[in-house]
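Student: Please find one structure pasted underneath; my questions will follow.
The values are calculated or read from the model by the stated rules, or taken from the named source; none is laboratory data. What you are looking at is a predicted structure, and each value in this text was computed from that prediction instead of being measured. Neighbour counts are summed over all protein chains in view; Cβ atoms, including those assigned to glycine, are modelled from backbone coordinates with ideal geometry.
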Amino acid sequence: MTTMTVSHTDNLSIAYFDQHDNPMPTTPVPDSAPTWSNAPSTTGVDTLTVDTGGLTAHVAAMAAGTDTVTLTFISGGVTFTATDAITITAEPSVLTRVAIVDDVV
């Protein structure tokens, strides 16, 4: 689930996990370009742009509302699907915390 404010852009990429929910040590090769789709609550809430090759996409928040982005990835004949529920608010951003970002590879 993602919450963002109008004028933000959500940069989306694919994370690959093994049976223990750890990052895959090597990136799986897709059988075809991954597909992305979205279902905004109303027209004009946001725009979804998929980069060439389908490995990344971007959601630009245009107005308050909700959206669900769906990714379909096929590798080795197996279809994997992931979704991200997005809420867009019209309120201005206010700093409320900081965090350490871990990137286990």
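Student: Only residues that are over 14 Å from F80 (Cβ atoms) and of a type in the set (V, I, T): list them for the stretch 9-28, please.
Tutor: T9, T26
Student: Let me ask something else about it. Quickly run through the stretch 76-98 and pick out the residues that are hydrophobic (A, V, I, L, M, F, W, C) and in contact with a Phe, Trp or Tyr (Cβ under 9 Å, 6 or more places away or on another chain).
Tutor: F80, A82
Student: For E91, all conditions in the list (1) surrounded by 14 or more Cβ atoms within 10 Å (Cβ to Cβ); (2) within 21 Å of M1 (Cβ to Cβ) hold save one; what is the number of the exception?
Tutor: All conditions are met except number (1).
Student: Would you point out the residue of the stretch 1-14, among those that are closer than 20 Å to S37 by Cβ and over 10 Å from the mean Cα position of the chain (by Cα), that is surrounded by the most Cβ atoms within 10 Å (Cβ to Cβ)?
Tutor: Filtering the stretch 1-14 for residues that are closer than 20 Å to S37 by Cβ and over 10 Å from the mean Cα position of the chain (by Cα), the one surrounded by the most Cβ atoms within 10 Å (Cβ to Cβ) comes out as M4.
Student: While we're here: Answer yes or no as to whether S7 is on the phi > 0 side of the Ramachandran plot and either of a type in the set (G, A, S) or touching a residue at least 60 places away in the same chain (Cβ under 8 Å) (or both).
Tutor: yes
Student: Something else now. Just to be sure, is D18 without any contact (Cβ under 8 Å) to a residue 60 or more places away in the chain and acidic (D, E)?
Tutor: yes
Student: Here's something else I'd like to know. Counting just the residues of the stretch 29-70 that are of a type in the set (D, E) and part of a loop (DSSP other than H, G, I, E, B), which one comes out farthest from I86 (Cα to Cα)?
Tutor: In this case the residue turns out to be D31.
Student: Now, a different point. So is A99 of a type outside the set (S, T, Y) and either surrounded by 10 or more Cβ atoms within 10 Å (Cβ to Cβ) or not in a loop (DSSP other than H, G, I, E, B) (or both) or not?
Tutor: no
Student: Among the residues of the stretch 70-88 satisfying the criterion of being touching a residue at least 12 places away in the same chain (Cβ under 8 Å) and under 14 Å from A15 (Cβ atoms), which is surrounded by the most Cβ atoms within 10 Å (Cβ to Cβ)?
Tutor: F73
Student: Quick test of your reading of the structure: N22 fulfils all but one of (1) surrounded by fewer than 15 Cβ atoms within 10 Å (Cβ to Cβ); (2) farther than 24 Å from D103 by Cα. Name the failing condition by number.
Tutor: Among (1) surrounded by fewer than 15 Cβ atoms within 10 Å (Cβ to Cβ); (2) farther than 24 Å from D103 by Cα, the lone unmet condition for N22 is (2).
Student: In the stretch 1-27, which residues are in a loop (DSSP other than H, G, I, E, B), in contact with a Phe, Trp or Tyr (Cβ under 8 Å, 6 or more places away or on another chain) and at pLDDT below 95?
Tutor: Of everything in the stretch 1-27, those that are in a loop (DSSP other than H, G, I, E, B), in contact with a Phe, Trp or Tyr (Cβ under 8 Å, 6 or more places away or on another chain) and at pLDDT below 95 turn out to be M24, T27.
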